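One structure below.
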Amino acid sequence: MKKGIVLVANLKSQLHSENLIYSIRKSACSLPIRLIHFGGEPVNSKYILDEVEFLTVDDFSEEAKAFVNNLKSVLTDCPMGYLYRFLAWFSDWDEFIYSDNDIVALMNWERLFEFTEGFDLVHADKEYTTIGIYNYLQPQKVEEIFGKDSLKSAITAGHMLVKKKSKMINDMNAAVNWFNQNPEIPIKHDQALIHIAALLGDWKQLNLCKPPHNWLSTWSGDYKNSLDLIQALQGCEERTSAPTEKVTISHLHYSGRGRLGCEPIDELIFSNQTNSNRKWLLFKIHCADLFHITYIKEQIKRVKRYINRKMATNK
């Protein structure tokens, strides 16, 4: 079985991509890594380029490009570069892990492939607890169509292990048709489309954060600081009724936030930096936060997303 890790990055995301790859290798993971160019200025980090096979969209088939363009026709909230993760379905790997850049590996990801027997998709997140509010404008309609437990199979698209099947491409194309037929229900981003494809295609999923495995939440927002994370790993924190024999976490995902570095738990995102580089980065980040520059930029992004969504709805 051919397998590896797929990333999508450019110069803008290089800082986090470097740290991600550093954390993967420090976890003793030797899986091959392919980095697909997001668009814009490409990565130029020698460390990254020495560790990955660098690809662009032109390294993939015309069928793969047409598939991504079909996705883009309904995923109007996603820049095209975000959709290049789907090119991994057209690679020669049988199984792959896709990871966003704002992630830190906390274990050897080779272990995740031990769970693929009998499953199409393996992930570790607590997206199922959000009741669909980050995927759907009308989540209740999803339950009406697919059943009352359908929202509990939600996926965080930023980190997932896929056992590749050609049927999955057909299911995702069917999800595009579903989006066209039900434009008022989903938020127009890739995470919602993957979930709909999984529901339409009856993908066999394993979420390691659910029983019987009960792995820890992989979202950084669930931890106050590094101490909180370490104590959770020891099974001695308030999230569990009693200490457990073995507690596991695969990664930490810094999603749903603006510029990282202002909160105590953000320390791990700078693990690969020297002391002097880390201090300089934190100085710039904290200045931007203190003078509300980060907040203003995030509000501008939100307004742009709202306008684009309205424009797409009115077409």
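The values are calculated or read from the model by the stated rules, or taken from the named source; none is laboratory data. Because the structure is a prediction, the values reported are computed rather than measured. Cβ: placed from backbone, ideal geometry, glycine included. Neighbour counts: every protein chain shown. Surface areas here come from the heavy atoms of the whole protein model, side chains and all, with no ligands, DNA or RNA. Shrake-Rupley method; radii C 1.70, N 1.55, O 1.52, S 1.80 Å.
Return yes or no: is Gln231 surrounded by fewer than 21 Cβ atoms within 10 Å (Cβ to Cβ) and free of Cβ contacts under 8 Å to residues at least 24 places away in the same chain? Let's see the steps before the verdict.
Working: surrounded by fewer than 21 Cβ atoms within 10 Å (Cβ to Cβ): yes; free of Cβ contacts under 8 Å to residues at least 24 places away in the same chain: yes.
Yes: the conditions hold for Gln231.
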Among the residues listed as Ile249, Ile285, the single one being at pLDDT 85 or above, of a type outside the set (D, E, K, R) and part of a loop (DSSP other than H, G, I, E, B): Ile249
Residues of region 200-214 classified as open to solvent by 40 Å² or more (accessible area, probe 1.4 Å) and either small (Gly, Ala, Ser) or out of contact with any strand residue (DSSP E or B) (no Cβ under 6 Å at 6 or more places or on another chain) (or both), total: 8
Single condition Asp77 does not satisfy, out of (1) of a type outside the set (Val, Ile, Thr); (2) assigned to a helix (DSSP H, G or I); (3) under 20 Å from the mean Cα position of the chain (by Cα): (2)
The one condition in (1) modelled with pLDDT under 80; (2) open to solvent by 60 Å² or more (accessible area, probe 1.4 Å); (3) not in a helix (DSSP H, G or I) that Gly256 fails to fulfil: (1)
Residue satisfying condition, being closer than 25 Å to Ala175 by Cβ and open to solvent by less than 40 Å² (accessible area, probe 1.4 Å), within set Phe67, Phe38: Phe67
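Would you check which residues across region 106-121 are open to solvent by less than 40 Å² (accessible area, probe 1.4 Å) and within 24 Å of Glu143 (Cβ to Cβ) and list them? I'd like the intermediate steps shown before the answer.
Of the residues in region 106-121, the ones open to solvent by less than 40 Å² (accessible area, probe 1.4 Å) are 107-109, 112-113, 116, 120-121.
Hits for region 106-121 are Asp120, Leu121.
Suppose we keep only residues that are in a loop (DSSP other than H, G, I, E, B) and touching a helix residue (DSSP H, G or I) at 6+ places or on another chain (Cβ under 6 Å) within region 213-237. Which one would you say is farthest from Thr156 (Cα to Cα)? Outline the logic, then answer.
Initially, region 213-237 is screened for residues in a loop (DSSP other than H, G, I, E, B), giving 213-218, 223-225, 234-237.
From what's left, touching a helix residue (DSSP H, G or I) at 6+ places or on another chain (Cβ under 6 Å): 216, 223, 225, 237.
Values: Leu216: 15, Tyr223: 18, Asn225: 22, Glu237: 24 Å.
Ranking the qualifying residues of region 213-237, first place goes to Glu237.
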Evaluation of Asn10 against (1) open to solvent by less than 40 Å² (accessible area, probe 1.4 Å); (2) more than 20 Å from the chain's Cα centre (by Cα); (3) touching a residue at least 40 places away in the same chain (Cβ under 8 Å) (one fails), failing number: (2)
